[in-house]
Each structure stands twice: as C-alpha cells, then as structure tokens.
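Okay, structure first, notes after.
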Amino acid sequence: MRKKIVAGNWKMNTDLNQALDLAREIRLSNYDKSATLIIIPPFPFLYSIVEATNNSVIQVGAQNCSKNKNGAFTGEVSAEMLNSVGVKYVIVGHSERRTYFKETNQELAEKIKECLSNKLIPIYCCGELLEDRTNENHFEVVKTQLSEALFHLSPDQMKGIIIAYEPVWAIGTGVTASPEQAQEMHQYIRQFIAKKFGDTIANSISILYGGSCNAANAKELFALPDVDGGLIGGASLKAVDFVAISNSF
Ligand code: PGA
C-alpha cells in the first residue's frame, strides 16, 4: 500500500506568530491520522514548528536546500542543517525555483543527493508549462525532469523519493488539472519509473498532485488510482482547508 500524503507548502507567507498559530490549529484539528501530514513553513520558523508539532504525527519539511555540503555559500541552507533541526522532508525543484532561480535538473540531482545523504526525504516536483501542454510536449518535459534528476539513483534510494506532479499552469491559478489529465500524467510517471527501476519500486512511490488543489476538488483527485495525495499551496494556509484536504482520501 502506498503512503497517502498531504503536504502544505506555505511558500514565503506567514510571520512567526502566524506560522505557530497555523501549526497549532492543524495539530488540534481532526485530521486524517492514517495519512502523512507534512507542513512546510519558511526557513526561519522551521525549528519552532518542529517543536510545536512534537509528539504528533505531523511532519515538517523545508522548501529548498543547498546542493553544497557547507562552507562559503552566503545565504544558503544545507541539508545537514535541516536534518539537525528535525526537518524530515525537502521540496526539490518546485517550479517557482526552476523559473525564478533558474534551477536546472542537474542542480536538482545534486540537491537530491544531499538530501539523501542527510536522511531527508525529497519531494521532487515536476510539471510542464502551459505552452508545453499546448504544444503536446508535456510528457517529454516531465520525462526529462525525471530522468535528469532521479535516474542516477540506486533502486534503494529511489524507493525513498516522493514525486509531486505540478502542472505549472495550475499553480496558484485556480485552474486545476482535470481528473483525466492528472491520472494520465501520474500513470505515465509511474510507468516511466517502472521502466527504469521495475514495477515494485514504481508501485511503492507516492505521487502527489499539486496545482490549485483545494477542499472542493481534493476528493475527486485523490480517488484517482495513481494519485496518492497532494502538494498544497494556497489552501494550506488555512487550517480548516488543509485539514479538510487531509480528510479527502
Ligand atoms: P497552489 O500551489 O496550491 O497554490 O496552486 C501548489 C504548489 O505550488 O505547490
């Protein structure tokens, strides 16, 4: 059985008090205890949020990490640092980082290696631009994102990866992928992984959907055979919505 996962990417939102309030409200809510709930606040609040969610099933993730181990990289945060404050997951390759910070698949491959050497589980994001879909190039784009960043891994390492399919045209736009589009791509991703790593590994990896997923559409998306949960942006900033999404399996 694959893990059901709902991860909330808070992006560059909240201050410390708002972040703590949000984490505490989620903790006190009636969320689905059989699902893995991950909250992903901005860097400065990670340690406080780890403490605020201690002894609960809520896990904490970071939005990014450095591809370097340590040293003279002003402003960067290493995977080892994240591990040392109790972070368990890291988003790698979110489309906003690919677009605004020009992150390449090759750099993302290095970040994934850093995460794995520091016992952090990468949530690797892939997904096409609107023009890729219009040009019917979306499968090719996702295939390249997967093979260039993940296919150097050993089968054992691959087992520990979470994938998030996030069509860029659906992120923050209110336009969600249709159930048909989501299932088609998730199935494609799983089959592509199976070709390289075999069916057992491909069938054990959780593939999350992201892009305007909310309390109103989560049930339909999570019911799809190859969708194992969601990476939630906007709707993760309200505890009631995030918890309702976690109860949508
Ligand atoms: P959204 O963002 O839910 O606000 O569309 C998803 C994401 O960027 O992970």
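What does the charge dipole of region 1-151 about its Cα centre add up to, to the nearest 20 debye, if the Cβ of each Lys and Arg holds +1 and the Cβ of each Asp and Glu holds -1?
Numbers: 18 positive and 18 negative charges, 112 e Å.
With only Lys, Arg, Asp and Glu charged at Cβ, the dipole is about 540 debye.
Can you compute the charge dipole magnitude of region 70-176 about its Cα centre, using +1 on each Lys and Arg Cβ and -1 on each Asp and Glu Cβ, nothing else charged? Give it in debye, rounded to the nearest 20.
Details: 10 positive and 15 negative charges, 71 e Å.
The dipole of region 70-176 has a size of about 340 debye.
Sorted by accessible area with a 1.4 angstrom probe, largest first, how do 101, 192 fall?
Ranked list, largest accessible area first: 101, 192.
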Charged-residue dipole, Cβ positions (Lys, Arg, Asp, Glu), region 111-247 about Cα centre, Debye nearest 20:
480
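With an 8 Å cut-off on Cα pairs and a minimum separation of 6 or more residues, tell me the relative contact order of the chain in percent.
Values: 482 pairs, mean separation 55.5, N = 249.
This gives 22 percent for the chain.
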Have a look at 23, 7, 42 and report the one farthest towards the positive end of the charge dipole of region 1-43, computed about the Cα centre with Cβ charges (Lys/Arg +1, Asp/Glu -1).
7
Hz values of 3J(HN,Hα) by residue in region 234-249 - Karplus curve (6.51, -1.76, 1.60), Gly and Pro given as x
x, 6, 8, 8, 10, 4, 4, 5, 4, 5, 4, 5, 5, 8, 9, 7
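On the protein heavy atoms, probe 1.4 angstrom, tell me the percent of accessible surface of the chain carried by carbon and sulfur.
On the way: 5800 of 11380 Å².
Result for the chain: 51 percent of the exposed heavy-atom area is carbon or sulfur.
Just need the relative contact order of region 107-183 here, percent rounded to a whole number, with Cα pairs under 8 Å and 6+ apart.
Details: 66 pairs, mean separation 30.2, N = 77.
Once divided by the residue count of region 107-183, the mean separation gives 39 percent.
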Run the numbers on region 52-131 and let me know its relative contact order in percent, using alpha-carbon pairs under 8 Å that are six or more apart.
34
Protection proxy ranking, peptides 169-182, 202-215, average beta carbon neighbours within 10 Å, highest first:
202-215, 169-182
Accessible area, 1.4 Å probe, largest first: how do 242, 73, 139 sort?
73, 139, 242
Cα centroid separation - region 25-52 against region 177-249, whole Å
19
Across 143/238; 88/219; 4/113; 33/67; 33/69, pairs whose alpha-carbon gap is larger than 29 Å:
143/238; 33/67; 33/69
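The values are calculated or read from the model by the stated rules, or taken from the named source; none is laboratory data. For clarity, every value in this text was computed on a predicted model and none was experimentally measured. Positions of Cβ are generated from backbone atoms using ideal geometry, with glycine treated the same way; all protein chains shown enter the neighbour counts. Ligands, DNA and RNA are excluded from the accessible area calculation, which covers all protein heavy atoms including side chains. Shrake-Rupley method; radii C 1.70, N 1.55, O 1.52, S 1.80 Å.
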